[in-house]
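I have placed the structure first, in the form of structure tokens, so that the comments after it can refer back to it.
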There are 2 protein chains.
Amino acid sequence: MSCPVCRGPVRPSPRGRRPVYCSRACQARAYRSRKNPPVPAPAEPEPTGRRRQIAEAVWRIAAERGLQMATVREIAAEAGVSPRVVQYHFTSKHQLLVTALQILHRQNERQARRRIGALRDASDPRVLLRSTLEELLPLDDERRASLRVMTAYYARSLTDPALAAVFLPEEQPLEDLVAALITAAGARPGIDVRREADLLVSGVTGLGMDLLHRRRPLADVRRTLDYHLDRILADRP
Amino acid sequence: MSCPVCRGPVRPSPRGRRPVYCSRACQARAYRSRKNPPVPAPAEPEPTGRRRQIAEAVWRIAAERGLQMATVREIAAEAGVSPRVVQYHFTSKHQLLVTALQILHRQNERQARRRIGALRDASDPRVLLRSTLEELLPLDDERRASLRVMTAYYARSLTDPALAAVFLPEEQPLEDLVAALITAAGARPGIDVRREADLLVSGVTGLGMDLLHRRRPLADVRRTLDYHLDRILADRP
DNA sequence: ATGTCGTTGATACGTTCGTATCTCAACGGG
DNA sequence: CCCGTTGAGATACGAACGTATCAACGACAT
């Protein structure tokens, strides 16, 4: 209950943390003597990805336990920080949720572009189209988790304009891309590329949700997809 | 090469034409649904009274403000009863949410059957098929609200086995119905009815979600649906 | 040596949550 | 007439929620 430097009395504060030192001078002196005998330096691996680190905690909680379990205290524990740190880096919980969705949204887009871009040179347009569509399916743990998070956010966005704004602004670049890929791969005569792209994209979305629920085996989805690609695309020589 | 009825494997025959169905029973079932498309009895009426009154309050709150706003006190206020009454008629909040989902699920099915059944006599199979698919779209306030509620529940069911159990147990009667309706309306040669039904149902589900978000105009969805029905079904005389 | 600034720790505040408890009115059969 | 059962009101309780407050910290500048 006394100042560890000058042994003098410490005035208690009416609120918040109890003071340790009796004055700013004693605090500085304690700091200096603590630093002079230098410790090997614990070396922090984290530069300052605090906001991202916290956002990732939101994703994990939302994917595993649902968005309603993403409380400030849970998020902080999952991120390995104190609740105060969450509070500091995001002005409110709502803003945190919106930001976490924005980051995930951008990352998904970048990830998909990267994966598809890797195939662009080496393979034929049909493989490219198929990969683009499969990008929407929960084919590995990462995409499954991401799809679960996006699903939770989608439901909440129906009653939260700030979240809806993250989903909406773009005007259907995915459908455009799929339509372009169909054209590039060569459509059979009589095929309306736009309408086929519309049903393919929304259909793969729906099939992905069935996969999440395990309401349908993956092989079945693959077979359905193959059938429709065969149907739409002209035979290769 | 699987049975279009039960999806099981088909044993090839040593003589003659390759079998399409895995058993005589499946062949007969396909014939029956081809001749007389399903849409069975209107089923039993829903329970009335306090429990239903409270369940409806849950739906309204979930549709308008989201499932996370459905607290016991809010539900009671929306239903016009005291919180104690909610507590009395449902042992816990979780059981209330599950029950509300079950009732809505059954009601949706009954409603769809009724609406489709009304068309059964007067119109041709193509109209029947189209109406069945449009039943999944938010075409009026009632269906829009219902779809919003079901979407919220779907998201939560990913992390709640009791809710998932309401969605899962049935083995794809909707896809079966659509497949039967396609067969009844007359498919073009080369069409795989099963695969078409799969993509149609999941596609309409995805398009319905786009409609909820207003990410896509209704006329666009209607045109996409028309295109695919034209593509699948043989021309009528 | 002290000041500044971005960051974090510990705790407090006021509210709302789901649920439990206690109470009473109405009713029907013995 | 008593008494057990059913339905519902009023209120309490402990936990968890989002957020607020302020001292302490560590790096750097002066």
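For region B:148-219, the Cα-based Rg and Dmax, in that order, read 15.1, 44 Å. Distance between the 7 Å Cα→Cβ label points at residue A:187 and residue A:111: 3.1 nm.
Within the shell of other residues whose beta carbon sits under 14 angstrom from the beta carbon of residue B:88, the net charge comes to +4, with Lys and Arg scored +1 and Asp and Glu -1. In the assembly of identical copies, residue B:114 has its label point, taken 7 Å from Cα in the direction of the beta carbon, separated from the corresponding points by 5.3 nm (ascending, one decimal). With a 1.4 Å probe rolled over the protein heavy atoms of all chains, the accessible area of B:133, A:136 falls in the order A:136, B:133, largest first. Of the trypsin sites (Lys or Arg not before Pro) found in region A:205-237, those in coil by DSSP whose Cβ has at most 13 other Cβ atoms within 10 Å are A:214.
A straight line joining the Cα centroids of region B:93-143 and region A:52-116 runs 37 Å. Label-point spacing for residue B:92 across the identical copies (point 7 Å from Cα in the Cβ direction), in nm and ascending order: 3.2. The other copies place their residue B:64 label points at 3.7 nm from this one, listed shortest first, where each point is 7 Å from Cα along Cα→Cβ. Within the shell of other residues whose beta carbon sits under 15 angstrom from the beta carbon of residue B:138, the net charge comes to 0, with Lys and Arg scored +1 and Asp and Glu -1. With both labels modelled 7 Å from their Cα along Cα-to-Cβ, the residue A:142 to residue A:95 distance reads 3.0 nm.
Comparing each chain alone with all protein chains together (probe 1.4 Å, DNA, RNA and ligands left out), the residues of region A:197-212 losing at least 50 Å² of accessible area are A:199, A:202, A:209. Judged by the ratio a/c of the largest to the smallest principal axis of the C-alpha gyration tensor, region B:129-190 counts as oblate, that ratio being 1.5 or greater while a/b is no larger than b/c. As an equivalent ellipsoid, region A:50-232 spans semi-axes of 35, 16, 15 angstrom, where each value is the square root of five times an eigenvalue of the C-alpha gyration tensor, largest first. Summing Lys and Arg as +1 and Asp and Glu as -1 over all other residues whose Cβ lies under 13 Å from the Cβ of residue A:160 gives a net charge of +3.
The values are calculated or read from the model by the stated rules, or taken from the named source; none is laboratory data. Note that the structure is a prediction, hence the values are computed from the model and not measured. Ideal geometry is used to build each Cβ from the backbone, glycine not excepted, and the neighbour counts take in all protein chains shown. With ligands, DNA and RNA removed, areas are computed over all heavy atoms of the protein, side chains included. Shrake-Rupley method; radii C 1.70, N 1.55, O 1.52, S 1.80 Å.
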